[in-house]
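Take a look at the structure set out below.
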C-alpha cells in the first residue's frame, strides 16, 4: 500500500487516520475484521501521479470509503462474518448483494462471531441457503431461543444439502425433535439434488414405509449393479412417487433407453405426492419433451410437457414462484403449445399458451403467451375470445408481441410518453441516494466498469415512472444513457412498464446512413444499451458492439484508419463503422429487418443455414413470426425480437421520417401479423 504523510490513499484521495478510525465501529466486535480493512487503499488507488500534496491530504468522501469496503468484500470470500454483515445491513441494494449474503451465511459461525450479531443479520436478511438456516439455528440456540432455533434447524434439515459438520451439529442438537416425516423430507431433498453421499448417510433415519423407494432411487442415481433388481422388486409400490419416476426416467435415458424414458414420462399418472423439488422434476420433463420434439415425436412431446401443472397444488399462481420454477414452467407450456399446433389441436395450444402467459412474471413473457393464445384461439374459430387475449398482450406496446397484438386489433403502437421533467424536490431526494452518490464518484475517478454495476443496481430499485424519469435525466447528465434503458428493462422484468422517451435515448447518425436511423438505434439499445465503453465477453465493442475484425473491414471501406481504442473511446467513430456494416447487411438481405437483425447477431452464414432449413421469412408461404421462434439460438431469437420492437418505437421518434403511418410492426416483419 502506498503511504504518504501517514495517510491511507483511496481512489486517488486520502483517508485520514480519523476516517480509518471511524470505520472501526462496523467491525468493533472483531479485531480480525478491523485488520481486514488495511488492504482497502491498495484496491482503489488511481490517478495519484501529478497530484499536489494538498490534493493528497484531502479527506476522501464517505462514499469513497464505502466503495472501498464494497470492493474489498466482493473480492474475498474469507473475511470475518461481521465484515460482510455490517456492510450489508448498512448498504441495502448495492451491487452483488445476493453473492455477498451467501458469503456472509457461510462465515456466520457462532463459535467465532457474536451470536447476537448473527441473529440480527438474519432478522434483516432471511437465509438464502441451507447453510444460512443452519447457522441461524445455531445462533438462535446460543441466545436461548430454542423454539426459533428448531424452526430454522428443521428448514436446514429438510432443505437438503449441508456441510458434514453442520449436518452432524444439527442432528446432535435437534435430531431428537425431528420426526420420521422430517427425515423423509430431507431424503427427498437430498436425492432431488443428487447428493448421494449425504443420502446414503441419512438412509437409516427414514421411515420403513418409504425406505425401499429411497434405496431404489439411490441405486438408480449411482447406477448400482442391483438398480434394476431393486426396481423390479418394488413392483407397483412407489409407482406414483415423483422422485422415483424422475430417477427411473433418467436412469433409462442414461442406459441408452431414451425411447422408454420418454414413454414413461408421457404416461398419464396420478402422483402420490407433490415433488419435493418441482424445478428438478421439470428439468427432466424438459429433457424428455425436447428430445421428443427434436425427433419429430410431437404427440409424445405434448403428452410430457402438458402435464406440468400436476406438479403444483391446484390453483397455484406460478408467476409468484421462484425464477427457476417459472422459467422451467414457461419452457414446458411453450413447448406443449407449439407441439399442439403441430398436431392441429388449436384449442389445446391456446390453453397451453395462456398458461404460459399467466405463469410469467415479466410483461415481455406475458405478452408473448397471450398473443400466441389469441392466435390459436382465432384459429380454433373463437374470434371474440381471441380479441380478449390480444388485448391482454397489447398492454405492452413497447414489446414485440404487444406490437403484434395491437396490429391484430387494427391499432398502431402509441409513441412513448414525454414525462414532465424532474422537480427540484425529486432531484434532491434522488441525489441523496447512496447509489447515486456512488455513481457520481466512480464517474469522477474514471472507473466506468464499476460504475456500470451501480447503474444496474440503481435501475433495479426504481419503483415508479417518476423515479425512472429522474434517473434517466440523471443518466443523460453524466453520459450514462444506459440508465434509462436499464430502468425500463427492470420495470419490464417486474411486470411493469416504463414506456417513456427517457427509456429510448438517441445519438447522432452519419447523414449518409440516416435512412437507417431507427434500425441503428434499435440495434444499439439491444447491443450496448447505449453504454459507449461496453465490451462483450466475445470482444464486441462500443455502442454498436463491433467485433474488431468487422470494424477493421468497415474502416477500410469508409476510408478511415482502423483504431481499436476508438471503438470504445469515440462514439461517432463506432457509429460510423457500425452503420456502414448495417448498410452492407441491408443490401445483402434485401432490407429484411428479421434477417438483418439475425445476421448482425449470429452472422450471415448462420442465417443462410436457417433460411435453407426453415424457408425465407420474406416469402408468402413462410410465417415470419414462427420463423423467428424457430431460430435455434436462444440469444439470436431474443435479439431479433428486441431489435424489431425497439425499431418500431424509434421509427416513431425518427427525425428523418418522411411521413406515412408509423407504429406498425408489419413495416418491419414484412406483412400484417396473422
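How high is the FRET efficiency between residue 236 and residue 449 when r is their beta carbon distance and R₀ equals 56 Å, given to the nearest 0.05?
0.40
Along each principal axis, taking the top coordinate minus the bottom one, the Cα set of region 298-346 gives 32, 19, 17 Å in descending order.
Where only DSSP H runs of four or more residues are counted, the chain gives -18500 deg cm²/dmol as its mean residue ellipticity at 222 nm, each run worth -39500 (n - 2.57).
Sorted largest first, the spans of the alpha carbon positions of region 513-669 along the three principal axes are 46, 36, 25 Å. One Cα centroid belongs to region 518-557, the other to region 145-166; the line between them spans 50 Å. Based on Cα contacts under 8 Å between residues 6+ apart, region 513-669 shows a relative contact order of 27 percent. Extension gain, residue 254 to residue 271: 0.36 nm times the residue separation minus the Cα-Cα distance gives 3.8 nm. Region 188-234 and region 629-674 have Cα centres lying 53 Å from one another. The largest-to-smallest principal axis extents of the Cα set in region 479-561 are 45, 30, 20 Å.
Using bins of 5 Å that start at zero, the share of Cα-Cα pairs per bin across region 438-503 amounts to 4, 21, 32, 22, 12, 7, 1, 0, in whole %. When Rg and Dmax are taken over the Cα atoms of region 344-485, they come to 20.3, 63 Å. For region 101-149, what ratio Rg/Rh do Cα atoms give with a Kirkwood hydrodynamic radius? Here the Rg-to-Rh quotient is 0.91. If you plug the beta carbon distance of residue 343 and residue 634 into 1/(1 + (r/R0)^6) with R0 = 22 Å, you get a FRET efficiency near 0.40. Per-residue Cβ neighbour counts within 10 Å put 178, 519, 633 in the sequence 633, 178, 519, beginning with the fewest.
Evaluated over the Cα positions of region 197-302, the convex hull gives a direction-averaged projected area, one quarter of its surface, of 7.0 nm². Once the Cα-Cα distance is subtracted from the 0.36 nm per residue extended length, the residue 463 to residue 111 segment shows a gain of 122.7 nm. The distance linking region 306-324 with region 347-377 is 15 Å (Cα centroid to Cα centroid, whole angstrom). What the Cβ-Cβ distance of residue 409 and residue 557 gives, at R0 = 35 Å and to the nearest 0.05, is a FRET efficiency of 0.20.
The base-10 log of I(q)/I(0) for region 384-462, evaluated at q = 0.11, 0.12, 0.22 Å⁻¹, reads -0.55, -0.61, -0.92 [Debye formula, identical scatterers on Cα atoms, solvent excluded]. Among 351-364, 287-300, the peptide with the highest mean count of other Cβ atoms within 10 Å heads the list, and the full ranking is 351-364, 287-300. The DSSP beta bridges internal to the chain are antiparallel in roughly 80% of cases. For region 275-423, the direction-averaged projected area of the alpha-carbon convex hull comes to 11.0 nm². Fully extending the segment from residue 514 to residue 626, taken as 0.36 nm per residue of separation minus the present Cα-Cα distance, adds 37.3 nm. Summary of packing: across the peptides 643-651, 122-130, the per-residue average of other C-beta atoms within 10 Å ranks them, highest first, as 643-651, 122-130.
Among 495-504, 415-424, 189-198, sorting by the average number of other beta carbon atoms lying within 10 angstrom of each residue, highest first, gives 495-504, 189-198, 415-424. Each of 285, 203, 100 was scored by other Cβ atoms within 10 Å of its Cβ. Arranged with the fewest first, they read 203, 100, 285.
All of the numbers you see were taken from the coordinates with simple rules; none came from a lab. Just so we're clear, the structure is a prediction, and the values are computed from it rather than from any experiment. All Cβ positions, glycine included, derive from the backbone under ideal geometry; neighbour counts span all protein chains shown.
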